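Only one structure is covered here, and it is reproduced in the block below.
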Amino acid sequence: MTSLGSKRRWLRPALLLLGLHAGTVALTAQGAAYLGEPVRYEDPEREDRVAELVRALESGSQELDWDERRGWLPALLEAVNAPVESQVLVFSKTSRQDAWISPHTPRAIYFSDDVFVGWIPGAPMMELTALDPVQGPTFYVLDQRPERPVITRRDEECLQCHATSRTYDWPGNLVRSVHPDEAGAPIYRSGTHTTTQASPLVERWGGWYVSGTHGRQRHMGNVVVGPNDDDEQVDVSRGANVTDLSELFDVERYPSPHSDLVALMVLEHQAGMQNILARASYEGRIAQTYQRELNELSGKPEGTLSDSTARRYARLAADVVDHMLFRGETRLTEPIAGTSEFVTRFAARGKRDSKGRSLRDFDLGVRIFKHPCSYLIHSPAFDRLPEPVLEIVWQELWDVLNDRDIGRDFSHLSPKRRRAILEILLETKVGLPGSWRLPALAPVR
């Protein structure tokens, strides 16, 4: 049995030099608590969609077709169910392959519910992030060579940026907004923003191309800072309400000419939600192990729960519920619209109730979604949260949707919206707690 003292050592923040697979990397994330028991992030086995693809390629049960113009990209997007319409484009040099990225050759990102794909014309590899339902974001590269598709895990390199304070010190995805110069290099003295669903539009998409309309609202996209520009007073109006990107770079090199505004907002919600689910999984398992060790050392009955562990579970659950119900989401002051078919493709994949409603239905007038509860409640990552955390999540969701006070403000959800979300979940969500079907639905006032 591991001693309580040793458990505390792997919980203590420190700078560690740790080997990961073939490489060695300095990590600072909570003493790299995601390495070793009980998280074991470094384990080679994964259940994510890319890991499944690797096994299928190795067994010969699946093949990818090489495209002379774009390499493995078209076949890969089909294999991981990431539609071309999800394409968004970032031209700031804030990626591992920054030598290939510029305002003339932006990095394209495509995404499904559980995979992100990064591709740059002419670059030697593609970058992939896949969401394992327990281990969270896992990082891969796919070499752009025609002989055969070779997909390799690259956690040891990617975690240098994807396991920092910007990702809550755990493996996670990162969306950033910067003021870029004419080459795409970030001008850090002008400020940098980590983008979430709570970020105001005026702080979003610096270093990104954005195609869509948004009225008088402003964002940082589509703009570079020239040598004679004041980088502290950038005129972002130059990049507003752009619907045609062909004047900014050669769109013919890409599968789509768009970098859809709505796709960007969905990507930001999804990346944040998945980071929070992964963190709840990591820290929930650590808390469970800590409590079990504590009970063994103190001779307390199995299942005894300390106040500190209960608070940890409650905090993790609150983060999940808050993000899932879009608490703190930035409010739109005017309607927005994208330029591609992303909205149609994305909404078509929704699970619908008997009234035809889905959590993927868009609002785009004052908020992203018409029914503000994350579609990722249907994901395996949600279902496989540690049981003590998931129990609290279900109870809080039930209480909020039934208009009961849980000590946090959910006034952004009207009684009508709460009722709609509750009805949709009761008809579409597999694995609901039995108690959800017993009380009567909250009356609409």
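The values are calculated or read from the model by the stated rules, or taken from the named source; none is laboratory data. All values reported here derive from a predicted model rather than from experimental measurement. Virtual Cβ from ideal backbone geometry, glycine too; neighbours counted across all protein chains shown.
Values computed for the structure shown
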item	result
Residue under evaluation SER411, criteria (1) hydroxyl-bearing (Ser, Thr, Tyr); (2) surrounded by fewer than 17 Cβ atoms within 10 Å (Cβ to Cβ); (3) over 19 Å from HIS323 (Cβ atoms), criterion not met	(3)
Residues of the stretch 79-99 satisfying the condition of being out of contact with any helix residue (DSSP H, G or I) (no Cβ under 6 Å at 6 or more places or on another chain), of a type in the set (A, V, I, L, M, F, W, C) and in contact (Cβ under 8 Å) with a residue 24 or more places away in the chain	ALA82, VAL84, LEU89, VAL90, PHE91
Test: LEU4 is at pLDDT below 95, of a type in the set (A, V, I, L, M, F, W, C) and loosely packed, with under 12 Cβ neighbours inside 10 Å	no
Qualifying positions in the stretch 234-270 - within 17 Å of the chain's Cα centre (by Cα) and of a type outside the set (Asp, Glu)	LEU261, VAL262, ALA263, LEU264, MET265, VAL266, LEU267, HIS269, GLN270
Test: residue in the stretch 273-282 that is of a type in the set (Lys, Arg), part of a loop (DSSP other than H, G, I, E, B) and touching a residue at least 40 places away in the same chain (Cβ under 8 Å)	no
Matching residues in the stretch 63-76 - criterion: being surrounded by 15 or more Cβ atoms within 10 Å (Cβ to Cβ) and outside any helix (DSSP H, G or I)	LEU64, TRP66, ARG70, GLY71, TRP72
Residue selected from the stretch 331-380 under the condition touching an Asp or Glu at 6+ places or on another chain (Cβ under 8 Å) and in a strand (DSSP E or B), by the criterion surrounded by the most Cβ atoms within 10 Å (Cβ to Cβ)	GLY338
Unmet requirement for GLU182, which otherwise passes all of (1) in contact with a Ser or Thr (Cβ under 8 Å, 6 or more places away or on another chain); (2) modelled with pLDDT of 90 or more; (3) farther than 30 Å from ILE286 by Cα	(1)
Filter pass, SER199 being assigned to a helix (DSSP H, G or I), out of contact with any Phe, Trp or Tyr (no Cβ under 6 Å at 6 or more places or on another chain) and among the small types (Gly, Ala, Ser)	no
Selected residue (only one of ASP399, ASP409, ASP403 is in a loop (DSSP other than H, G, I, E, B) and farther than 30 Å from ARG216 by Cα)	ASP403
Flag for ASP181 being in contact with a His (Cβ under 8 Å, 6 or more places away or on another chain), in contact (Cβ under 8 Å) with a residue 24 or more places away in the chain and not assigned by TED's automatic domain parsing to the domain that holds THR333	no
Residue check for PRO439: closer than 24 Å to ALA278 by Cβ and either assigned to a loop (DSSP other than H, G, I, E, B) or at pLDDT 95 or above (or both)	no
Contacts under 9 angstrom Cβ, first residue in the stretch 299-316 being farther than 23 Å from ARG408 by Cα, partner of a type in the set (Asp, Glu) and surrounded by 10 or more Cβ atoms within 10 Å (Cβ to Cβ), 6 or more apart	GLU302/GLU296
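Here is a yes/no grid of residues against (1) in contact with a His (Cβ under 9 Å, 6 or more places away or on another chain); (2) free of Cβ contacts under 8 Å to residues at least 60 places away in the same chain; (3) more than 25 Å from PRO335 (Cβ to Cβ):
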site	(1), (2), (3)
TYR188	yes, yes, yes
THR194	no, yes, yes
PHE249	yes, no, yes
MET265	no, no, no
